[in-house]
Ligand SMILES: Nc1ncnc2c1ncn2[C@@H]1O[C@H](COP(=O)(O)OP(=O)(O)OP(=O)(O)O)[C@@H](O)[C@H]1O
Ligand SMILES: [Mg+2]
């Protein structure tokens, strides 16, 4: 089992889309994925279309006992391959430090509860507060998402610095899984320029392939289904890209 | 793997039904529908006429009465500490918690 925290300190660049795209790639392959939604916006929770649930990741963090996350994990509308530790608005209460063990509560709560999954995908909120710290402390690797814009390099640098800070404080085994460039329009020279700029600084850490911008992503999210289940050329392109990224995360 | 200890039961966080900014009860259930937890809904009853505007205006005013309930001392201590931290009366905080929890 490999646990991946998906983060960017900037909002709206495609963290939830990446988590859903990778969960969908696992779904298409028939391997088991757990999505942990640490974002009080609960976008991943909504897109995964779970049945009514009693508990959220906020209750798990407030409790903090070893293995307690098991009690809050639910099935999703995507079927038995993809499970969810859901979020809700009130999870924001857990975004500030509470006691000495505050940043490692998620990790402790997952102990023994996630052995049955091939991959655990953690959707972090767009900030570097206690929820993201918990995500980084519970993960084996951290995937940084960025868009190919003017702030991409700065954003990726800050996020990778945060990963390094987490590695030297709350999680010694944490590795950077790479920088994933999302919403790429290959015909835009500005996008090509920004990707080259990122590669110039971070080399192989910038993942190949990049994720293209396609309307199928939003259509599938709106319908509560994996993009891999959407029938269109754009959906196929995005699915292929996420499949390659999943390979890289699993090796 | 068999465990020697009983399976732990998770409960809702004390503030799980309070809005993170206003500290007032959340008016709407989480996405995914009304929750089913130990047979009880933790969201406000639709019959109360809760709308999203209630998050800002708070619940309708109601008369306060005595509630002769005994609770563990440690719970009272945590209630008072949390009320102090939020700058509200313990009566108000307890009312909010009960109001949000009860069907
Ligand atoms: N590759 C893509 N093609 C088309 N639309 C996309 C793509 N990636 C993301 N989007 C859209 O962009 C919006 C923001 O994406 P998403 O919610 O995944 O970002 P986020 O980083 O999780 O945001 P937040 O910081 O608010 O959590 C969404 O509407 C999503 O559908
Ligand atoms: Mg998101």
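What follows is calculated from the coordinates using simple rules that are stated; it is not laboratory data. Please read these numbers as outputs of a predicted model, since none were measured by experiment. A quick note on method: Cβ atoms are made from the backbone with ideal geometry, for glycine too, and the neighbour counts reach across all protein chains shown.
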Inset, instruction - Would you mind telling me the antiparallel percentage of the DSSP bridges in the protein assembly as shown, rounded to 5? - result: 15 percent
Inset, instruction - Provide a whole-number value for the mean count of partner chain Cβ atoms within 10 Å of the Cβ atoms in peptide A:51-64. - result: 5
Legend entry - Neighbouring partner chain Cβ atoms per residue of B:16-26, average, 10 Å criterion: 3
Inset, instruction - Only Cα pairs under 8 Å and at least 6 apart count here; give the relative contact order of chain A as a rounded whole percent. - result: 26 percent
Inset, instruction - If a/c stays under 1.5 just call it rounded; otherwise compare a/b with b/c (prolate if a/b is bigger, oblate if not). Do that for the stretch A:1-147, with a ≥ b ≥ c from the square roots of the Cα gyration tensor eigenvalues. - result: rounded
Legend entry - Beta bridges by DSSP in the stretch A:35-137, antiparallel share as percent, to the nearest 5: 40 percent
Legend entry - Per-residue Cβ neighbour rank within 10 angstrom, fewest leading, A:240, A:37, B:15, A:83: A:240, B:15, A:83, A:37
